[in-house]
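Undergrad: Below: one structure in C-alpha cells.
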2 protein chains.
Amino acid sequence: MSSKYVPMFTSSEENYLKAIYHLEIGVDKGVSTNAIAEKLVTKASSVTDMVKKLSEKELIIYKKYQGVTLTNFGKKIASSIVRKHRLWEVFLVEKLNFSWDEVHDVAEQLEHIKSPKLINQLDIFLGFPSQDPHGDPIPDKDGNLKVVEKSLLSTLLKNESGICVGVNDSSSEFLQFLDKKGITLGKQIKVLEKENFDGSLFISIDQKKLSISNKIANNLYIQKQ
Amino acid sequence: MSSKYVPMFTSSEENYLKAIYHLEIGVDKGVSTNAIAEKLVTKASSVTDMVKKLSEKELIIYKKYQGVTLTNFGKKIASSIVRKHRLWEVFLVEKLNFSWDEVHDVAEQLEHIKSPKLINQLDIFLGFPSQDPHGDPIPDKDGNLKVVEKSLLSTLLKNESGICVGVNDSSSEFLQFLDKKGITLGKQIKVLEKENFDGSLFISIDQKKLSISNKIANNLYIQKQ
DNA sequence: ACATATTTTTAGATAAGACTAAAAAATATA
DNA sequence: TATATTTTTTAGTCTTATCTAAAAATATGT
C-alpha cells in the first residue's frame, strides 16, 4: 500500500521558492524577509528559519539582513512549480469546466504533486498551452517563459484599442467583476474617453460601451494594436 | 497568494482511515494495531497515537487492546478517499496514457486534494466510471459500491471459462507480468488443464495457450460464464 | 549625527507525526 | 495453570514548521 515516497522538497519549501520567484520579478535586489512573510501570510521569524534551510540546500543566496535571491537551481525548482500550477489551471478550465476565478486554490494543491510523467502527459493532453486561463505564461520544461508584449489598459490613450490578454490581479472578486462586465481574454477594447480627473475610462467592448475605474484599468493587460 | 486552506483531515489521518477501511473488509472484529502498522509501513506505537486522535474525532471506535472499527462518519470519509484514488487512476490511464502498473503512487498523492467540485467534475469528465483500471469498484458519492460477481481464477474447473475482471494484487510486478502474458481486463480465459500437484493451470487466452502458476491464479479475478 | 522607527534575527515554545525502548496486557504454549 | 511469547500501550525523544517576545541590525527623519 504505502510505498513511501520521499519528495525532494516539502510543499512548504516549494511555496517559499514560488513566492520568492514571483517577488524577484523585475527587482534587482534581494527579496526581503517581510515581503515573503506578507506573501505567504506568515511571520517574518518563520521566514528567517526557512530561508536558512533553503540557503543550506543551495536553492537561494542568503546573507543576514540582505534579503534573498534564487540560485539557478532554486529558479529551476520554482519555475517547475509555477509550470505545474498553470498547467493544472488550464486543465481545470478547459476540461473540468471551472471558471477562471475558481482555479487558484485547487491548483495551489495540485502543483505539489510529484510525478514528472504526470506533468509531461498533462502538457501533451492539453496541447502544450503557453498561457494559463488568466493570460499568464506557462514556463517550459527548462523554465523559459514565452514573453508576450503587453501593457496595462490604463496606458492606452483616447481612441486607441487593444486585445485583452491578461490580468494583473487574479483575485476571484476581480475576475468575477470582469465576467459580469463581459470582459474576457481575447476581447477587443477601445478607449472612447479618458477622464483626467480620476483616471477612469469609457470603453467599448463587443457592441457595448461602459466606464471603468482607474483601478480596473490598472489591473487589465492588453496587447496594443 | 496563499489563501490558507484548512483541510478537514490531514493526509496522514486520511491514510489511516483508508488503511482501516481496506483492512476491515470481510472481517467482523476490530482491525488490530499491528495490521494497520504493517499496511502503512509504520510502527505500532505510531498507530496507537493516531488511533486515539481518530477516536476523539469520532471517526473510529477504539478501546485499548481491542482494535478499531470505522464509525459511519469514518466510513464516509474513508470511502471518499478511495473514490478519489480510483477516479484519479481512471483519469491517468484513460486520459494521460499511464499503464495500470504506473498509477498507484500518483493516485496516492492526488487522493488527498481537497475540492468537492474537482472530484465531481472529474467524475463527469470520465463518464461516471464504476471501476478503476484494476477492476476495483469506485464508491459513489454516498460510499456505495456496485458489487460485481467475481471469483478467483483458481476456482475455475477444467474446461470452465470466465472473463478477466480484476486483480487481487496490484503490485507493478504482477501487473507487468500480466501485460507480458497478454492478460488484461475483459479477456476471456479458459482452463484447459489443472495440475493437482501444484495447482498450476494451462489456459487459453485469445488464440494463445499458456501455463500459469497457482499464485497467479490466486490473484486474478474472473467472472464465471 | 543621533534618536527613533522599522526590519530582521534569535531564543524559546508549541503541535503534529513519527521513532525507540520499556512496561503492561493479552494470547499461546507446555 | 504457570510461563513464555506476542501485541499493544506508555513514556520520552526527534524533526518540521510554525508562533511570540525580545534583541540586534538597519533605515529614516530632523
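The values are calculated or read from the model by the stated rules, or taken from the named source; none is laboratory data. These figures come from a predicted structure and were not determined experimentally. Every residue, glycine as well, gets a Cβ built from its backbone with ideal geometry; the counts of neighbours run over all protein chains shown. Keep in mind that these areas ignore ligands, DNA and RNA; they rest on the heavy atoms of the full protein, side chains included. Shrake-Rupley method; radii C 1.70, N 1.55, O 1.52, S 1.80 Å.
Undergrad: Could you give, in nm with one decimal, how far A:LYS146 is from each other copy of that position, shortest first, with labels 7 Å out from Cα toward Cβ?
TA: The answer, with the shortest distance listed first, is 4.0 nm.
Undergrad: At 1.4 Å probe size, put A:HIS22, B:HIS134 in order of accessible surface, largest to smallest.
TA: Solvent-accessible surface, decreasing: A:HIS22, B:HIS134.
Undergrad: Moving on to the next point. Just to confirm, what accessible area per residue do you get for chain A at 1.4 Å probe, in whole Å²?
TA: Roughly 53 Å² per residue, with all protein chains present.
Undergrad: Collect residues whose amide H, placed 1.01 Å from N in the peptide plane, falls under 5 Å from the amide H of A:GLY166; neighbours closer than 5 in sequence don't count.
TA: Residues meeting the criterion, in which the H sits 1.01 Å from N, are A:TYR221.
Undergrad: Let me ask something else. In the P(r) worked out for the range B:52-134, what percent of Cα pairs fall beyond 17 Å?
TA: The calculated P(r) of the range B:52-134 puts 54 percent of pairs beyond 17 Å.
Undergrad: Mind checking the mean number of beta-carbon atoms from other chains within 10 Å of the Cβ atoms in A:99-112?
TA: Counting other chains' Cβ atoms within 10 Å and averaging over A:99-112 gives 3.
Undergrad: Over the alpha-carbon set of the range A:151-224, divide Rg by the Kirkwood Rh and report the Rg/Rh ratio to two decimals.
TA: 0.91
Undergrad: Can you give me the angle between helix B:44-56 and the longest principal axis of chain B, using Cα atoms only, in degrees from 0 to 90, rounded to the nearest 10?
TA: Relative to chain B, helix B:44-56 is tipped by roughly 60 degrees.
Undergrad: Using a 1.4 angstrom probe on the protein heavy atoms only, could you order A:SER170, A:SER204 from most to least accessible area?
TA: A:SER170, A:SER204
Undergrad: Please give the charge dipole size of chain B, origin at the Cα centre, charges +1 on K and R Cβ atoms and -1 on D and E Cβ atoms. Round to the nearest 20 debye.
TA: The calculated dipole for chain B is roughly 380 debye.
Undergrad: Before anything else, pin down the relative contact order of chain B: Cα pairs under 8 Å, at least 6 apart, normalised by residue count, whole percent.
TA: Answer for chain B is 15 percent.
Undergrad: While we're on this one: If you put a point 7 Å past Cα along the Cβ direction, how far is that point for B:LYS215 from the same point in each other copy, in nm, smallest first?
TA: 6.8
Undergrad: Can I ask one more? If I take every Cα pair under 8 Å that is 6 or more residues apart in the range B:151-224, average their sequence separation and divide by the length, what percent do I get for the relative contact order?
TA: Over the range B:151-224, the number comes to 45 percent.
Undergrad: Give me the dipole magnitude in Debye, nearest 20, for the range A:75-199 about the Cα centre, with unit charges on the beta carbon: positive for Lys and Arg, negative for Asp and Glu.
TA: 500 debye
Undergrad: Further question on the same structure: If you count, for every residue in B:121-127, the Cβ atoms of partner chains within 10 Å of its Cβ, what is the mean?
TA: 2
Undergrad: Moving on to the next point. Pairing the Cα long axis of helix A:11-23 with the longest principal axis of chain A, what angle in degrees results, from 0 to 90 and rounded to the nearest 10?
TA: Between helix and principal axis, roughly 40 degrees.
Undergrad: Once the label point is placed 7 Å from Cα along Cβ, list for A:SER130 the distances to the corresponding points in the other copies, in nm, shortest first.
TA: 4.6
Undergrad: As a check on your grasp of the helix formula, calculate [θ] at 222 nm for chain A: sum -39500 (n - 2.57) over DSSP H runs of n ≥ 4, divide by the residue count, round to the nearest 500.
TA: -12000 deg cm²/dmol
Undergrad: How would you order A:116-124, A:193-201 from highest to lowest mean count of nearby Cβ atoms within 10 Å?
TA: Per-residue mean Cβ counts within 10 Å order the peptides as A:116-124, A:193-201.
Undergrad: Can you give me the relative contact order of the range B:11-70 as a percent, contacts being Cα pairs under 8 Å and 6 or more apart?
TA: Computed over the range B:11-70, the figure is 36 percent.
Undergrad: Another question, if that's okay. Any number yet on Rg/Rh for the protein assembly as shown, C-alpha, Kirkwood?
TA: Over the Cα atoms of the protein assembly as shown, Rg/Rh equals 1.06.
Undergrad: Once you wrap a convex hull around the alpha carbon atoms of the range A:11-70, what is its projected area averaged over all directions, in nm²?
TA: Mean projected area for the range A:11-70: 3.5 nm², to one decimal.
Undergrad: Can you list the HN-Hα couplings for the range A:153-167, worked out from phi with the Karplus curve (6.51, -1.76, 1.60; θ = phi - 60°), rounded to whole Hz and with x for Gly and Pro?
TA: 3J(HN,Hα) across the range A:153-167, in whole Hz: 4, 5, 8, 6, 9, 3, 6, 7, 9, x, 9, 5, 10, x, 10.
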